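Each remark here refers to the structure printed beneath this line.
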Amino acid sequence: MMHCPHLDADNRCRVATQLADCDVSASAAGCQACQVNDNPRAINVVTIGMALVQRKRLGKSTAELKKLLDNYKPDAPQAVSFRIGDYRPGPGSELKKMLAWFARPSDACQCETHADTMNDWGAEGCRDNLETILDWLMEEAQLRELPHGRFTRAIARSLVLTAIRRFERKYPDGPPEPEDGEDR
């Protein structure tokens, strides 16, 4: 984690905590995204998003935070999310299939987005970003109150590398191009 005057000793983001009106734990990826934002270490798209996700996880209303987020991103295009019915080959899809017996995506997790990012990166990009992927898995494990220590990280590393190898075996020349009329 990096130094931030709004990060407390318990690894909570004070900005997101104040916005959410409940404790919001910071993540390495969230802190990094906040630091490079146009308005770092303050109310910005990242801290609002962290607050929104935490309120949603707790089953609390997110309407006010969604309005606030809209004010910070008034001209942003609608986010596109791919669900299991929109399967596209990639290391992220392979990892998602491997983990499906163990943990199902929830409305509050970023599992689909992370799988899509891994698919966009491809095998080599996933190897280059292995630590980021492991951070995502450890954050999700912690949020789900699952083991998330060094041993679990070693297992996660093995799973990610296996997912990459499975993808490479299935598609040695890379993923097939979408057919005409298909969206990615």
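If R₀ is 30 angstrom, what is the calculated FRET efficiency for the pair residue 154 and residue 11, using the beta carbon separation as r and rounding to 0.05? Efficiency, rounded to the nearest 0.05: 0.85. Here residue 96 is the anchor, and the lysines within straight C-alpha reach of less than 25 Å, apart from those fewer than 8 places off in the same chain, are 56, 170.
At a Förster radius of 25 Å, what calculated FRET efficiency corresponds to the Cβ-Cβ distance of residue 63 and residue 32, to the nearest 0.05? Kindly include the intermediate steps, with their values, before the conclusion.
Details: r = 28 Å, r/R0 = 1.13.
So, using R0 = 25 Å, E works out to roughly 0.30.
Over the range 84-170, the reciprocal of the mean inverse Cα-Cα separation, the Kirkwood hydrodynamic radius, stands at 12.9 Å.
For 93, 61, the sequence from fewest to most other C-beta atoms within 10 Å is 61, 93.
Quick note: the coordinates plus some simple rules give every number you see, no bench work behind them. This one's a predicted model, so the numbers in the text were calculated from it and none came from an experiment. Reconstructed Cβ throughout: ideal geometry from the backbone, glycine too, with neighbour counts over all protein chains shown.
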